[in-house]
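Here is the structure we will look at.
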Amino acid sequence: AQSVAQPEDQVNVAEGNPLTVKCTYSVSGNPYLFWYVQYPNRGLQFLLKYITGDNLVKGSYGFEAEFNKSQTSFHLKKPSALVSDSALYFCAVREDNYGQNFVFGPGTRLSVLP
Amino acid sequence: KAGVTQTPRYLIKTRGQQVTLSCSPISGHRSVSWYQQTPGQGLQFLFEYFSETQRNKGNFPGRFSGRQFSNSRSEMNVSTLELGDSALYLCASSLALRATGRGTEAFFGQGTRLTVV
């Protein structure tokens, strides 16, 4: 079975500093990896995905993620954090060929301090 | 383009009752999935429908059921509610087709917050 780990429950970063939210995965075949963000009392918003190709994926709101096959990681990054980036971030992997049954990580709460 | 719409946003039910939640996907999306989000278990997959057929089902008891209509709108039903069913229920839709499903992102609604007392 596929799985996703987010080793940090909480990440704190100062505004203007770079941020990284970590994700590692375990799959039997080729991974399809996603990052979503959740703001309080809201659903999940899609940030970016990796299917194939370039290891550096660019997404919404200045976020990017680096796919590393040898380390089975897909870390989310942003060069300069904003206070408004404070939210809950989820890494997810696709489970099968046709369905939408994502397997989500436990989430990482990002706090950007002014 | 309207997003995924879930109704109602909030519900309070009593143990033993049943509840029906509704989801209207983005226009043109034929795949609808449901997830349960709780502080303890995180985000867990319930089921997925595509063209009125259930394609996948998560590890939930039979009290949890769903269906999809010809216009792609979906409902999920929980019977004999338990306190542990209190959660945020999220619906997601996508353009996922048979050939490209795995790489297609899903768009989530704001969820229905169910409280069982």
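Residues that are away from chain A (no Cβ under 14 Å), more than 18 Å from B:THR5 (Cβ to Cβ) and of a type in the set (Ser, Thr, Tyr): does segment B:69-85 have at least one?
Looking through segment B:69-85, at least one residue is away from chain A (no Cβ under 14 Å), more than 18 Å from B:THR5 (Cβ to Cβ) and of a type in the set (Ser, Thr, Tyr).
Regarding segment A:61-82, can at least one residue be identified that is without any contact (Cβ under 8 Å) to a residue 24 or more places away in the chain, within 14 Å of chain B (Cβ to nearest Cβ) and exposed (fewer than 12 other Cβ atoms within 10 Å of the Cβ)?
no
Look through B:LEU11, B:LEU81 and report the one residue that is open to solvent by less than 40 Å² (accessible area, probe 1.4 Å) and either farther than 26 Å from A:VAL37 by Cβ or assigned to a loop (DSSP other than H, G, I, E, B) (or both).
None of the others qualify; the one that does is B:LEU81.
For A:GLY53, indicate whether it is open to solvent by less than 60 Å² (accessible area, probe 1.4 Å) and farther than 16 Å from A:PHE74 by Cα.
no
Report yes if A:LEU48 is open to solvent by 60 Å² or more (accessible area, probe 1.4 Å), within 22 Å of A:SER80 (Cβ to Cβ) and among the aliphatic types (A, V, I, L, M), otherwise no.
no
Given the criterion closer than 25 Å to A:ARG42 by Cβ, open to solvent by 30 Å² or more (accessible area, probe 1.4 Å), modelled with pLDDT under 95 and within 14 Å of chain A (Cβ to nearest Cβ), identify the matching residue among B:GLY40, B:GLY58, B:GLY28.
None of the others qualify; the one that does is B:GLY40.
Checking A:ARG42 against (1) in a loop (DSSP other than H, G, I, E, B); (2) within 29 Å of B:ARG113 (Cβ to Cβ); (3) touching a residue at least 12 places away in the same chain (Cβ under 8 Å), which single condition isn't satisfied?
Of the numbered conditions (1) in a loop (DSSP other than H, G, I, E, B); (2) within 29 Å of B:ARG113 (Cβ to Cβ); (3) touching a residue at least 12 places away in the same chain (Cβ under 8 Å), the odd one out for A:ARG42 is (3).
Taking the condition at pLDDT below 95, open to solvent by less than 10 Å² (accessible area, probe 1.4 Å) and facing chain B (nearest Cβ under 7 Å), does A:GLY107 pass?
No, not satisfied.
The values are calculated or read from the model by the stated rules, or taken from the named source; none is laboratory data. Treat the numbers as computed from the prediction; the structure is a model and nothing was measured. All Cβ positions, even for glycine, are placed from backbone atoms using ideal geometry, and neighbour counts span all protein chains on display. Calculation scope for accessible area: heavy atoms of the full protein, side chains included, ligands and nucleic acids excluded. Shrake-Rupley method; radii C 1.70, N 1.55, O 1.52, S 1.80 Å.
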